[in-house]
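Below you'll find the structure, written out as structure tokens, and then a few comments.
Values quoted throughout were computed directly from the atomic coordinates according to the rules given, and no laboratory measurement underlies them. Nothing here was measured: the structure is a model prediction, and the numbers come from that model. Cβ coordinates were reconstructed from backbone atoms using ideal geometry, including for glycine residues, and neighbour counts include every protein chain displayed.
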Amino acid sequence: MLNAKQKGEDMMDLNKEDQRRLFYRLLLCRNFDEKMRTLFRQARYAGTFFSCVGQEATTVVPTFLARKEDVVGPQHREIGACFGKGMPTKYIAAQIYARKTSPDKGKSHPCHFGYPELNIITPASTVAAQTVIGTGCALAFKIRKEPRVVLAFTGEGGTSQGSWHEACNFAGVHKLPIVFVCQNNLWAESVHYKFTSAIIDYSDRAKAYGFPGISIDGNDVVAVYEESKKAIERARKGEGPTLIEMKTYRWYGHSEVDPANYRMKEEVEEWKKKDPLPRFEAFLRKNGVLDDKIKAEIEKEVEEEIEAAIKFAEESPLPAPEEALTDVYAGNQTMIYERPKAEKVKPEPIRT
Ligand SMILES: Cc1ncc(C[n+]2csc(CCOP(=O)(O)OP(=O)(O)O)c2C)c(N)n1
Ligand SMILES: [Mg+2]
């Protein structure tokens, strides 16, 4: 597993302003997440919250690279995908508060962040489901000859779900424009990955589906940037899927009701030293992109954005009970596409 420094890569294709914008989104994701954890303890909203603190780079960075028309399929912990793609923070807050002003009008689970305007698929509670839906979107893009790409996220636990394998297999066979991002944070609820997989590098799973897989340090923003960029470009050029395993760690419990006492304190402390934010900050400072003054301005702006989002959510009404059955079905929107011509395949001789 190489990190970005070993490979000599340095994000030179992003101008300074965009590098700062990326730092802004990472910090926004981190500080918003910490704030939501506090507000949960104050009972300011109901349900629960799946913190992604520690693993922000794995979601914010790939989605920051995606175009508006690209589709993103997050799992329950991938709030960072919304920040990376640019979903307005006030709608993320309204979703967590289950308010009428949220994209789903306050009717779904607090972690089901979806935003059709930016092609963010609402996560399903069934882990890995978004990889199947994403594969369907990728098939549609291929049939319609649209240069659009899908980013489909799961945790390492989600890759043991049958549907994830079906999605990868189908995407591999049809060379679909999709990037599978696996965030290996070592744990699926209280189950260590050694109890769900006999392999160490989840990228090895790609071999079975005939497309490339790579394992990287998911807390290294530059490495995540470079590998996501390559995979997205590959997909857009019609060269098919890529699996990127990003090794990372969640600092807190599975959700806010989980004290996570199945883990060793030492493991948590070790991973806190690999925090992606100070690492990226040091990189930006070294390259003259960030200094104390600019950082203070960014921090202030982030705080203001978070406060405004919470105010928006708290002042928004809850959905009325009589609205429960509206918007349940999409209506008759069946679309028929011309069937692509089947390729004639010459069978290869059987190898013995
Ligand atoms: C099909 C299915 N099985 C079980 C669950 C319950 N569940 C929700 S999250 C989760 C763990 C998922 O682990 P992973 O994919 O590693 O994501 P992480 O929570 O670590 O981000 C489980 C088992 C579920 N939602 N769906
Ligand atoms: Mg996990």
Limited to the stretch 77-115, what total is found for residues that are surrounded by 22 or more Cβ atoms within 10 Å (Cβ to Cβ) and within 24 Å of Glu166 (Cβ to Cβ)? 4
Within the stretch 128-146, can one find any residue that is crowded, with 22+ Cβ neighbours inside 10 Å and on the phi > 0 side of the Ramachandran plot? yes
Any residue at all in the stretch 161-176 that's within 16 Å of ligand 1 (Cβ to nearest atom), more than 15 Å from the chain's Cα centre (by Cα) and of a type in the set (Asp, Glu)? yes
Could you tell me which numbered condition Phe113 fails, if it satisfies all but one of (1) free of Cβ contacts under 8 Å to residues at least 40 places away in the same chain; (2) part of a helix (DSSP H, G or I); (3) of a type in the set (Phe, Trp, Tyr)? (2)
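So which of Val181, Val224 ends up being within 25 Å of Arg21 (Cβ to Cβ), buried (at least 22 other Cβ atoms within 10 Å of the Cβ) and within 15 Å of ligand 1 (Cβ to nearest atom)?
Working: Val224 fails: within 15 Å of ligand 1 (Cβ to nearest atom).
Matching residue, one of Val181, Val224: Val181.
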Note on the stretch 40-72: residues under 27 Å from Ile178 (Cβ atoms) and in a helix (DSSP H, G or I) are Ala57, Thr58, Thr59, Val60, Val61, Pro62, Thr63, Phe64, Leu65
Take residues that are within 30 Å of Lys35 (Cα to Cα) and tell me which of the strands (runs of 3 or more DSSP E) falling wholly in the stretch 163-263 contain 3 or more. 178-184, 242-247
Among the residues of the stretch 128-154, which ones are touching a residue at least 60 places away in the same chain (Cβ under 8 Å) and in a loop (DSSP other than H, G, I, E, B)? Glu146, Pro147, Arg148, Val149
Counted residues, the stretch 196-205 - those being out of contact with any strand residue (DSSP E or B) (no Cβ under 6 Å at 6 or more places or on another chain) and surrounded by 20 or more Cβ atoms within 10 Å (Cβ to Cβ): 1
Name the single residue that is surrounded by the fewest Cβ atoms within 10 Å (Cβ to Cβ) among those in the stretch 209-218 being more than 12 Å from ligand 2 (Cβ to nearest atom) and on the phi < 0 side of the Ramachandran plot. Pro212
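Okay, residues lined up against (1) surrounded by fewer than 20 Cβ atoms within 10 Å (Cβ to Cβ); (2) away from ligand 2 (no atom under 15 Å from the Cβ); (3) basic (Lys, Arg):
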residue	(1), (2), (3)
Glu117	yes, yes, no
Thr126	yes, yes, no
Val149	no, yes, no
Lys175	yes, yes, yes
Lys194	yes, no, yes
Lys207	yes, yes, yes
